[in-house]
Amino acid sequence: MAHIVSTRPLIDGGLSGVRDEHTLTVCDPPDGSTRSVDELIALADGADVLLSVLADPITEALFEARPGLQMVSQYAVGVDNIDLEAAEAHDVAVTHTPGVLTDATADQAWALLLAAARHVPAADRYVRDGRFERWETTHLMGMELARKTIGIVGMGRIGTAVARRALGFGMEVIYHNRTRANPTVERQVSARHVGLGELLTTSDVVSLHCPHNDESHHLLDAAAFSKMKASALLVNTARGPVVDEAALVDALKSGEIAGAGLDVFEDEPEVHPGLMEQDRVVLAPHLGSATTDTRMRMAQMCVASITALLDGAESVPHRLV
Ligand code: GLV
Ligand code: GLV
């Protein structure tokens, strides 16, 4: 019998597949606040498996304090909150939930893009404020997407799903990736591989879909924004620190770029106050995977990985370490 500890409640019924022979403890942070390392160590007392979310700092200190821990099952595709090397050194398995949130996240990128392109939040406020008195010829005019170019940074599963949607909107697709996507993917979404510089100077929309790591940290900085079109929109549903947020605020203020749709932030859940002041910036609290279907599938994937590990299966699905 094993003890599974979830650091916070998941979707209703998501963990119903955990076998009766195991104990499941679902923790509920009183104010929903982000856990500190010490809090995680405390709640992992006696845990064989920790079910973690992005906000949980899974560090070496946790593995040292809880040598009984066999596994961290991350309820997300990204694992930048987990020290994978330390996990490996302490012989702790780490799994995540790739693939199932691809469409949900691509939809969210498009929701933010369309909202920024057509001023959806400002339009909504305008109507609610009772200011819709007559039809205006030049009011809240937006960017038409057909025949424009979308530049995708990171042509993985999510980037490809965003590109597929772009074809439906009649957009040209270019992309930048560390390694060129395979020819089938390029053909399927009619995408052309370009250097980052060319992507920045020619795109009307730049959408980020790369992981955050040393290489992608502040990939979009002041120099990058100065290359972009003044009419361009930035969409980030990847990770906040891929963008230098202070430089983004400067670029928006000075009109170097026109707007942004942001699902993620450099210092989440903090949001740069300069972003709040910008009318053509659409903000969301990291909702990429937030659909009922996807969150349920993510929970089921965690349960499948946990069950496989506890059963001693030869291969544990979606295992990174
Ligand atoms: C969400 O950001 C995830 O990595 O699943
Ligand atoms: C998400 O699943 C990705 O790898 O793009």
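Pull up all non-local amide H partners of Val189: gap of 5 or more, or a different chain, and H-to-H distance under 5 Å with H placed in the peptide plane.
none
From the phi angles alone, apply the Karplus equation (6.51, -1.76, 1.60; θ = phi - 60°) to the stretch 312-321 and give each ³J(HN,Hα) in whole Hz, x where the residue is Gly or Pro.
With coefficients 6.51, -1.76 and 1.60, one gets x, 4, 5, 10, 9, x, 6, 8, 9, 9 Hz.
Looking only at Ile152, Ile257, Ile11, which one moves most when the chain is put into a Gaussian network model with springs between Cα atoms under 10 Å?
Largest GNM mean-square fluctuation: Ile11.
Calculate for the chain the 222 nm mean residue ellipticity that helices alone would give, adding -39,500 (n - 2.57) per DSSP H run of length 4 or more and normalising by residue count, nearest 500 deg cm²/dmol.
Values: 12 runs with 107 residues, N = 321.
-9500 deg cm²/dmol, from helical runs alone.
Take every DSSP beta bridge with both residues inside the chain and express the antiparallel ones as a percent of the total, to the nearest 5. Please report the intermediate quantities before stating the final value.
Values: 2 of 41 bridges.
Counting only bridges with both partners in the chain, antiparallel ones make up about 5 percent.
Calculated FRET efficiency, Arg192 and Ala222, Cβ-Cβ r, R0 30 Å, to nearest 0.05? Before the final figure, lay out the partial values.
Values: r = 27 Å, r/R0 = 0.89.
Computed FRET efficiency for Arg192 and Ala222 comes out at 0.65.
Run the simple label-point estimate for Thr138 and Ala42 please: 7 Å along Cα→C-beta, distance reported in nm.
Modelled inter-label distance: 6.0 nm.
Please find, in a Gaussian network model of the chain (springs between Cα atoms separated by less than 10 Å), the residue of Val282, Val243, Val92 whose mean-square fluctuation is greatest.
Val92
Work out which trypsin sites (Lys or Arg not before Pro) in the chain are exposed loop sites (DSSP not H, G, I, E or B, at most 13 other Cβ within 10 Å) and give the longest gap free of them.
Details: sites that count: Arg131, Arg134, Arg147, Arg178, Arg180.
Maximal segment without exposed cleavage sites: 181-321.
Roughly how many percent of the accessible protein surface of the stretch 158-224 is carbon and sulfur, given a 1.4 Å probe and a whole-percent answer? It would help to have the intermediate numbers written out before the result.
Working: 1680 of 3250 Å².
The C+S portion of the solvent-accessible surface of the stretch 158-224 is 52 percent.
Calculate the dipole size of the chain relative to its Cα centre from +1 charges on Lys and Arg beta carbons and -1 charges on Asp and Glu beta carbons; express the result in debye to the nearest 20.
So the magnitude is around 1680 debye.
Please give the per residue accessible area of the stretch 159-309, computed with a probe of 1.4 Å over protein heavy atoms only, in Å². Kindly include the intermediate steps, with their values, before the conclusion.
On the way: 6550 Å² over 151 residues.
Accessible surface, normalised per residue, equals 43 Å².
How large is the accessible surface per residue of the stretch 1-116, computed with a 1.4 Å probe and reported in Å² as a whole number? It would help to have the intermediate numbers written out before the result.
On the way: 4840 Å² over 116 residues.
Solvent-accessible surface per residue comes out at 42 Å².
Can you tell me which lysines have their Cα less than 16 Å from the Cα of Lys148? Leave out same-chain residues fewer than eight positions away.
Within the straight-line limit of under 16 Å, Lys148 reaches these lysines: Lys229.
With a 10 Å cut-off between alpha carbons and a GNM built on the chain, which of Ala166, Ala61, Ala117 moves the most?
Among Ala166, Ala61, Ala117, the largest GNM mean-square fluctuation belongs to Ala61.
For the stretch 1-150, with all protein chains present and a 1.4 Å probe, just round the carbon and sulfur fraction of the accessible area to a whole percent. All intermediate terms of the calculation are to be shown ahead of the outcome.
Numbers: 3770 of 7560 Å².
Within the stretch 1-150, the accessible surface is 50 percent carbon and sulfur.
Once amide H atoms are built 1.01 Å from N in the peptide plane, which residues 5 or more positions from Ala260, or in another chain, come under 5 Å H to H?
Close amide H contacts, sequence-distant or interchain: Leu234, Val281, Val282.
If a helix is a whole DSSP H run, which ones in the chain reach 20 Å or further along their own axis (Cα) and hold a mean Kyte-Doolittle hydropathy of at least -0.5? Kindly include the intermediate steps, with their values, before the conclusion.
Working: long enough: 102-117 (22 Å, 0.70); 292-310 (27 Å, 0.58).
Span-like helices in the chain: 102-117, 292-310.
Please compute the Cα-Cα pair-distance distribution of the chain with 20 Å bins starting at 0, giving whole percents from short to long.
30, 52, 17, 1
The values are calculated or read from the model by the stated rules, or taken from the named source; none is laboratory data. What you see is a predicted model; the values in this text were computed from it and never measured. Cβ coordinates were reconstructed from backbone atoms using ideal geometry, including for glycine residues, and neighbour counts include every protein chain displayed. Quick note on the areas: whole protein, heavy atoms, side chains included, nothing else; ligands and nucleic acids left out. Shrake-Rupley method; radii C 1.70, N 1.55, O 1.52, S 1.80 Å.
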